[in-house]
Amino acid sequence: MKMVQGVSKMLKGSGVDFIFGIPGGGSTADLINGAEDEGIQFILTQHESSAAIMAGVVGDVTGVPGVCLSTLGPGALNLCNGLGHAWLDRSPVVALTDRYGSEMVDLAYRQKIDHNDLFKPFTKLSAGLTKTNWSEMLARGFRMARMPRRGPVHIDFPNDLSKVEIAGPGHGIGPEEFLPEANAKGIKLGSERIGRAKRPVAIVGLGINTAQGEVFGPLKSFVERFHIPTFKTGKAKGSLPDNHPWSLGVFMGGNLEQSIIEKSDLIIAIGLDPVELLPKKWDYPQSIVYVDTVPNMEENYHADIELVGEIGSTLQRLQDECPDAESLWRIDEVGAYRENTKEVLDFEVDGLSAVQIIRATRELTPADAFLTVDVGANKLLVIELWDAFMPGCFFMSNGLATMGYAIPSALALQLLHPDRKVVSLCGDGGFMMRLPELATAVQYRLPIVMVIFSDGRLSLIDVKQIKKGYNVPRGTGFARPNFLDLGKSFGIPAWSVDSEEALRDVLAVAMKSNDGLPKLIEARMDCSPYPRQFDAVREL
């Protein structure tokens, strides 16, 4: 058996169904052929960073590390943004790259980048395969990518090894990961502290998405049992449905949350990874009970009680151990907070506003649809106003907060769930960064619905310049394409609208369509309310 066959069999045996990327002429060319022989579909993307983002989404959804590949040198460099996203957004990814063979690696200089030095700062492992270690190294990479906190690994596949003979197919990635249980003493202390609290508040973060076993049911019953108003970070939207009576909405550490936080006497941090917090000092004085699968090593905030273990089990044990107690919060206080959030962000404009775009799209999108959102001015509004009704249906880049995330992530979700609607809300700046992936959507017949916030500006940077005292922002305007002609050039339906009524009409058509083609909707909008909306949400 040749090594490329062994690698392909091991990937398939580890649960890999897709590989994303742009192959080179070396080992990766062999790998896509070997992988497809094993039933793994290769998805050709238009840029390597898109491939890494798509692999990250697969890892997020399935728990099996997503796989992407590239050629050496320039292809490897193009992976960096996507792997940086996987690093800071805790997505399990295995990235495979071509590399010169042993006879040339120390002699060749053209297109040569030291991949290990390149990827080391933002991967959990950067290593290379050899004839004797290849299966062990792959197993190590998969295991490291999956272990909390999850993240990317990089593996070089030297070009002179793919066709060498090996003894056997290699072993699998090892047993399921074992997560310890929180110790009994900690559970007792935590339950007593929660029982004494009069107005506890929970903040749920992305750590809950990586928990093993049943976790969302225990979260819901925990919140209901103790009457705990609950914030979620952007990555954890839907972990407690946004229409749940005890759901407050999104936690950013900004202005909106102050009215609730100031009344609270305890914060329960559930999977609250500091990578999602604003880059400022934590200044809330309340005691913290910390629940996660990993210790609070960063100390961005100090936890008085740390409960480290499987999250769902910890929440259930707290309910079982806690004395009969419930908070003094009233459900109408939570509902009033949610309504206030909607009111303070809604401003009338001449034409179409971002709030109208979000509201119309949510109302015309199925409750179980997936939503991806890009980075920019609109993201701050989408995460506050989009109702996520179930876990795992809302996707964004928050740790890295990279533009260009929404389109490739939507494509990956549609591959994984061909029978569910996938909608992308994307600023025109982020869309232009991934415009070529329309070809990917058409080639693989991925019928995502793309709604573009179209204002021809990098509006978030406009607002930041205004906050700095520059009355006329510079360097943020760009030419918008003719979206109708753009859609026509790819052979896909496209619309351009400038009113809420027109948007609702075309959304209804797009959602009902079953032609297998992506849909492109330009929503030409008035961005003038952004400065006032951001003042309400958070400091810029």
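The values are calculated or read from the model by the stated rules, or taken from the named source; none is laboratory data. For clarity, every value in this text was computed on a predicted model and none was experimentally measured. Virtual Cβ from ideal backbone geometry, glycine too; neighbours counted across all protein chains shown. Areas reflect the complete protein model, heavy atoms only, side chains present, ligands, DNA and RNA absent. Shrake-Rupley method; radii C 1.70, N 1.55, O 1.52, S 1.80 Å.
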_Considering only residues that are part of a loop (DSSP other than H, G, I, E, B) and aromatic (Phe, Trp, Tyr), which ones fall in the stretch 473-501?_
478
*Kindly indicate whether any position in the stretch 5-12 is at pLDDT below 95 and of a type in the set (Lys, Arg).*
yes
*strands (runs of 3 or more DSSP E) completely within the stretch 85-162 that count 1 or more residues being modelled with pLDDT under 90 and open to solvent by 10 Å² or more (accessible area, probe 1.4 Å)*: 93-99
*Can you name the residue in the stretch 495-521 that is over 19 Å from residue 482 (Cα atoms) and either among the basic types (Lys, Arg) or in contact with a His (Cβ under 7 Å, 6 or more places away or on another chain) (or both) and, of all such residues, is least open to solvent (accessible area, probe 1.4 Å)?*
504
*Got at least one residue in the stretch 304-314 being part of a loop (DSSP other than H, G, I, E, B) and touching a Ser or Thr at 6+ places or on another chain (Cβ under 6 Å)?*
yes
_Enumeration of residues in the stretch 181-201 that are over 15 Å from residue 316 (Cα atoms), among the aliphatic types (A, V, I, L, M) and surrounded by 24 or more Cβ atoms within 10 Å (Cβ to Cβ)_ = 201
*In the stretch 431-472, which residues are open to solvent by less than 10 Å² (accessible area, probe 1.4 Å), within 18 Å of residue 494 (Cα to Cα) and in a helix (DSSP H, G or I)?*
431, 437, 438, 440, 441
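This table checks each residue for (1) over 21 Å from residue 387 (Cβ atoms); (2) among the small types (Gly, Ala, Ser); (3) out of contact with any strand residue (DSSP E or B) (no Cβ under 7 Å at 6 or more places or on another chain).
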site: 410; (1), (2), (3): no, yes, no
site: 427; (1), (2), (3): no, yes, no
site: 430; (1), (2), (3): yes, yes, yes
site: 435; (1), (2), (3): yes, no, yes
site: 442; (1), (2), (3): yes, no, yes
site: 463; (1), (2), (3): yes, no, yes
*Of the numbered conditions (1) within 30 Å of residue 197 (Cα to Cα); (2) open to solvent by 10 Å² or more (accessible area, probe 1.4 Å); (3) touching a residue at least 40 places away in the same chain (Cβ under 8 Å), residue 339 satisfies every one except a single condition; which is it?*
(3)
*Tell me, yes or no, whether the stretch 226-243 has at least one residue that is surrounded by fewer than 19 Cβ atoms within 10 Å (Cβ to Cβ) and out of contact with any Phe, Trp or Tyr (no Cβ under 8 Å at 6 or more places or on another chain).*
no
_Return the residues of the stretch 11-33 that are open to solvent by less than 10 Å² (accessible area, probe 1.4 Å), farther than 16 Å from residue 71 by Cβ and touching a helix residue (DSSP H, G or I) at 6+ places or on another chain (Cβ under 7 Å); say none if nothing qualifies._
11
_Show me the helices (runs of 4 or more DSSP H) entirely contained within the stretch 1-82 in which 2 or more residues are over 20 Å from residue 127 (Cβ atoms) and within 17 Å of the chain's Cα centre (by Cα)._
48-62
_Residue count for the stretch 283-314, restricted to those that are in contact (Cβ under 8 Å) with a residue 24 or more places away in the chain, more than 19 Å from residue 212 (Cα to Cα) and more than 22 Å from the chain's Cα centre (by Cα)_ = 7
*Complete set of residues in the stretch 502-540 that are touching a strand residue (DSSP E or B) at 6+ places or on another chain (Cβ under 6 Å), in a helix (DSSP H, G or I) and under 23 Å from residue 459 (Cα atoms)*: 503
_Odd one out for residue 393 among (1) touching a Leu at 6+ places or on another chain (Cβ under 9 Å); (2) modelled with pLDDT under 95_ = (2)
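Mind checking which residues of the stretch 358-401 are assigned to a helix (DSSP H, G or I) and hydrophobic (A, V, I, L, M, F, W, C)?
In the first step, residues of the stretch 358-401 are kept if they are assigned to a helix (DSSP H, G or I); the result is 358-363, 377-385.
If the condition is that a residue be assigned to a helix (DSSP H, G or I) and hydrophobic (A, V, I, L, M, F, W, C), then 358, 360, 377, 380, 381, 382, 383, 385 are the ones that fit.
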*Test each condition in (1) farther than 26 Å from residue 40 by Cβ; (2) among the small types (Gly, Ala, Ser); (3) open to solvent by less than 20 Å² (accessible area, probe 1.4 Å); (4) in contact with a strand residue (DSSP E or B) (Cβ under 6 Å, 6 or more places away or on another chain) for residue 477 and report the one that comes out false.*
(3)
